[in-house]
Amino acid sequence: MKRIKTRQITNKYTVRGVFFGIVFLALSVLITSNSYLFVSQKGTFNDLFKMYPGLWLAAVMPIAFGIIGYYLAKGFVKIIKKQQQLLNKEAQRSQIVFDFIENLRQGNLETAIPIEQETDKLGQSLYRLKDFLIKNKLEEEQRRIEEEQRNWVTQGLAQFSEILRNSSDNLENLSYNIIHYLVNYSKINQGGVYLLNTKISGDKYFELKACIAFDRKKFTDKTILWGEGLIGRCALEKQTIYLTDVPNDYITITSGLGEANPRAILMVPLKVNEEIHGVIELASFNLFQPYEIAFVEKTAESSASTISNVKINIQTSNLLKETQIQAEKMSQQEEELRQNLEEMQATQEESERTAIEMKGIIEAIDHAAINCEFETDGTLISVNKNFLKTFKYNLEEIEGQNLRIFFFKNDLPELDKILADLKNGHNFKGRVRRRNKTGEEIYLLSTYTPVIDNEGEIIKILSLENDVTDQVKMEEELKRSKEELGILLEEARNEVKEQFREMESVKIRNEKTLEGALDAIITTDKEGTVQFFNIAAEKLWGYDRQEVLGNNVSMLFSADTIINDEFVRTFVTADEKKVVGERREAPIKNKYGDEIPVLFLLSEAQVGLEHSFTAFIQNVEVELF
């Protein structure tokens, strides 16, 4: 700020005071000298002061005004100096604030404000601003670190999901790929994968499937019983175990330069849907950060799901092989049963030929028919010799007799029914049981025909009969033979039904096994018609199985995929050769038109002349954050 010259101000105001005093004196003299009294006396300048003594007071006014101006200037200069000091102090304070704010703007948050600035409101506000900026900087740094950790985890999970997607159905190779990636990506020193197995006796144990130390594959054979040690405890509690106080005799990390105990041990269970499949154990010279533990837990969950799917695929493949062997065995048994049925059918045809021969015999007997005539009430009119011979009566003995004498008492209701039908003009043809004179049972093949006159009245009944007693006896014997044959056929049918029930039971057991699989499973015939569609397939495609069963499998894929993808085209086309036994990645189309990438594994089964194809589909999408 420009410095004010105080002496000049003092002199200026002093001169102005003297000047005002002189002007006041001059005006006073001018006024009094023009007064009537002074002009009339024509006095001198000295007489003027005598006549007006007050002019002496006016004469001292220049000195008085000069003194007053001097002291006024002194007071004004004092005020100006005080204000100038205040302005200088405020300017200095503003410069301090400006320098402080500039340091904050440049990121120098360690800058301090002088102690005298700390007591005022502005200083306190600046301190609060500094604290706020420091807090923001710390939060931003924390966010940056968390973002880097999040990106590290996300990138790691994406790469890990690619490894799982390309994994084979070999558990040892899969375990090695999992632990090799975790050791390398997390930059730790040693790790192993323990998978849960079950002995024949039913006891559970963990088997070390893969081990990595210093980026080198280690070959070791180690088993741990269920619930034994930290590995067993980790699996039993289904919780992650993190140790930083590692016992000296627990584990050592060995390299070419020597060996040492790790600083941290991390054990994470391989679980999916609360089911344990194994444990991952990692050892490092450095402590594990929380985000690294979360990453390992996430990869363990994905690994457990993949291991579960691989186990199911292996089990399903074994079941399919077992089913195919069982189907081939049943096919052989079916062929044997078919041959047995053909032999029994030949026996039945032989029996039918025998029956035809018996029919010819009956027709030959018809030429020597038994003849009689009788009234509508059964009274005999006439009989022939064959009649008398058959019933062993003389003509005199039966004249005027009724047909009732030739029937057993139990057969009379049948005779009454026959006579009633004849009265109504109906013919009768059938086999009738009779009795002869000696009471012996005979069987006649009878034909009763009403004889009607020109007026439509029944005048008599004509009877033509043949003795078929021998035939009946042969038929009864044949019936017994048929019953015996029927028993044999029934036993054969029951055996066939039992075998088919066994086949159906195996089929149902296999379908239930496939129904509970985590992977989507569909089965088609050689024409591409869907015959099986499990729950996982319903979830993957969004269809209810009733919407799919009986339809062509092409409804589950888009038209572009069928045209461009060789695997899908051969799968949905009836005459194309399928790609069997190879894992392929292809997109499917769900009920809502969305395309989803999946992994396919196609297997073929043949039972007799029937072909079927079973596809195992695994969703390759991996949930990250």
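Packing, taken as the mean count of other beta carbons within 10 Å per residue, orders the peptides 135-141, 485-491 from highest to lowest as 485-491, 135-141. Beyond 23 Å in Cα-Cα separation lie the following of the pairs Lys12/Lys82; Lys12/Lys74; Lys204/Lys271; Lys417/Lys479: Lys417/Lys479.
The distance linking the stretch 323-353 with the stretch 423-488 is 40 Å (Cα centroid to Cα centroid, whole angstrom). Beyond 32 Å between alpha-carbons counts as too far, so tell me which of Lys222/Lys578; Lys385/Lys423; Lys482/Lys526; Lys429/Lys497; Lys392/Lys482; Lys298/Lys577 fall in that bin. From the list (Lys222/Lys578; Lys385/Lys423; Lys482/Lys526; Lys429/Lys497; Lys392/Lys482; Lys298/Lys577), the Cα-Cα distance tops 32 Å for Lys222/Lys578; Lys482/Lys526; Lys429/Lys497; Lys392/Lys482; Lys298/Lys577.
Both radii come from the Cα set of the stretch 427-489: Rg as radius of gyration, Rh as Kirkwood radius; their ratio Rg/Rh reads 1.23. Per residue, the accessible area of the stretch 517-619 comes to 48 Å² when a 1.4 Å probe rolls over the protein heavy atoms. Of all aspartates and glutamates in the structure, those lying under 14 Å Cα to Cα from Lys591, and not within fewer than 8 positions of it along the same chain, are Glu538, Asp544, Glu547. Compared with the direct C-alpha span, the chain from Gln546 to Trp226 gains 110.9 nm at full extension, assuming 0.36 nm per residue. Loop-located trypsin sites (Lys or Arg not before Pro) across the stretch 538-597 with a Cβ neighbour count of 10 or fewer within 10 Å are Lys577, with loop assigned by DSSP.
The values are calculated or read from the model by the stated rules, or taken from the named source; none is laboratory data. This structure is a prediction, so every number in the text was calculated from the model and none was measured. When we count neighbours, we look across all protein chains shown, and the Cβ atoms used for this are built from the backbone with ideal geometry, even at glycine. Heavy atoms of the whole protein, side chains included, go into the accessibility calculation; ligands, DNA and RNA do not. Shrake-Rupley method; radii C 1.70, N 1.55, O 1.52, S 1.80 Å.
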